[in-house]
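Worksheet: one structure, shown below.
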Ligand code: SF4
């Protein structure tokens, strides 16, 4: 019997990565799943809930799972993508290449001989067109060692296929955006139930998230961007008050709590004697900016429309109080200042 093939498979939790693994498990291939965390994907990194879902998928597939956190190195890829961005701030080609390189490194560490992905030729316009897949293959430095089982018949054979240790005829030649072949294969392999919504959800393809990200990038620049504040881009309503003043207003009690850990680094705005939102100021606020922030905060309070409100402002050791008229809900200024429309 031919020697077993040892492989590292990227596992996002989406259907295609599950299918790629399940398809190869019909052959003499021993697979280790690899979950790469960039800091921008939908599984709640840090909370572990999404990671838990993917760990369950790995368990059901009967494979070990290795988790690689690449937040630090991914930041450089994100801000300086050689192949540019997709529709938003998604550097898909560079991102994909980065992941393949990480997988290639782990392949060597684990004495494996293949990297497996669930890519399907022509399925995604930002990274899976034929010429893009060729570029990734070439630039990854693992030509002959990168197997995409779902589209393998449309791509050059890998080394284990050439050696006859992987039966190429048992691989697939899927192409294009239709999901039907994958759904049929999922039934055939009995893995339909495994592909939960744990995969995907990249914040870098989200219009609101990236509008805020771009706006703050303009304020801080790539070098000074406060990476520890990335989590703020998913919380609250965001307003650009001036070139150096950026305001985030909570939408509910949960968000007010989520803003709390960021308070020590930023300016805080709290309503006095009236129930309402709380806010965080990023950057440098002039007195005029503070007054405008107070007026916006007043809009999201229980104060009567246009009433005078008092806001306590804290910046490091300095405290101050401002009285201002709350903006009325349909004040056009709110819309004009809002980052995400
Ligand atoms: S959608 Fe996001 S995670 Fe997926 S390749 Fe593009 S940038 Fe990377």
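What follows draws every value from the coordinates through simple rules; no lab data is involved. Just so you know, these numbers come straight off a predicted model, no measurement behind them. Cβ sites come from the backbone with ideal geometry, for glycine too, and all protein chains shown count toward neighbours.
Distance between the modelled labels on residue 85 and residue 251, one decimal in nanometres: 2.2 nm (7 Å Cα→Cβ projection).
Over the chain, what is the percentage of antiparallel beta bridges among all DSSP beta bridges, to the nearest 5? Can you show the working numbers first?
On the way: 29 of 46 bridges.
So the antiparallel bridges in the chain amount to around 65 percent.
The calculated FRET efficiency for residue 275 paired with residue 124, based on their beta-carbon distance and R0 = 56 Å, is about 0.75. Taking 156, 181, 261 in turn, the Gaussian network model of the chain (Cα-Cα springs below 10 Å) assigns the largest fluctuation to 261.
Starting from the Cα gyration tensor of the chain, take the square roots of the eigenvalues, sort them a ≥ b ≥ c, and report rounded, prolate or oblate (rounded when a/c is under 1.5, otherwise prolate if a/b is larger than b/c, else oblate). Judged from the Cα gyration tensor, the chain comes out prolate (a/c at least 1.5, a/b above b/c). Can you give me the angle between helix 287-299 and the longest principal axis of the chain, using Cα atoms only, in degrees from 0 to 90, rounded to the nearest 10? Once rounded, the angle reads 80 degrees. GNM remark for the chain: springs join alpha carbons under 10 Å apart, and the peak mean-square fluctuation among 57, 21, 67 falls on 67. Given their separation in residues at 0.36 nm each and the Cα-Cα distance between them, residue 188 and residue 321 gain 41.2 nm when the chain is fully extended.
Would you calculate a helix-derived [θ] at 222 nm for the chain, using -39,500 (n - 2.57) for each DSSP H run of n ≥ 4 and dividing by the full residue count, to the nearest 500? Spell out each step's value before the answer.
On the way: 11 runs with 119 residues, N = 341.
Computed mean residue ellipticity for the chain: -10500 deg cm²/dmol.
Counting only alpha carbon atoms, the long axis of helix 130-140 and the longest principal axis of the chain meet at about 90°.
Helix 49-61 axis versus longest C-alpha principal axis of the chain: approximately 10°, rounded to the nearest ten. Available extension along the chain between residue 217 and residue 336 is 40.9 nm, counting 0.36 nm per residue and deducting the alpha carbon span. For segment 257-341, the calculated P(r), taken from all Cα-Cα distances in 10 Å bins from zero up to the bin holding the longest distance, is 18, 52, 28, 1 percent. Let a ≥ b ≥ c be the square roots of the eigenvalues of the Cα gyration tensor of segment 5-203; is it rounded (a/c under 1.5), or, if not, prolate (a/b larger than b/c) or oblate? Since a/c stays below 1.5, the shape of segment 5-203 is classed as rounded.
Contact order for the chain, expressed relative to its length and based on alpha carbon pairs under 8 Å spaced 6+ residues apart, stands at 15 percent.
Packing, as the average of other Cβ atoms within 10 Å across residues, places the peptides 87-94, 117-124, 170-177, 326-333 in the order 117-124, 87-94, 170-177, 326-333, highest first.
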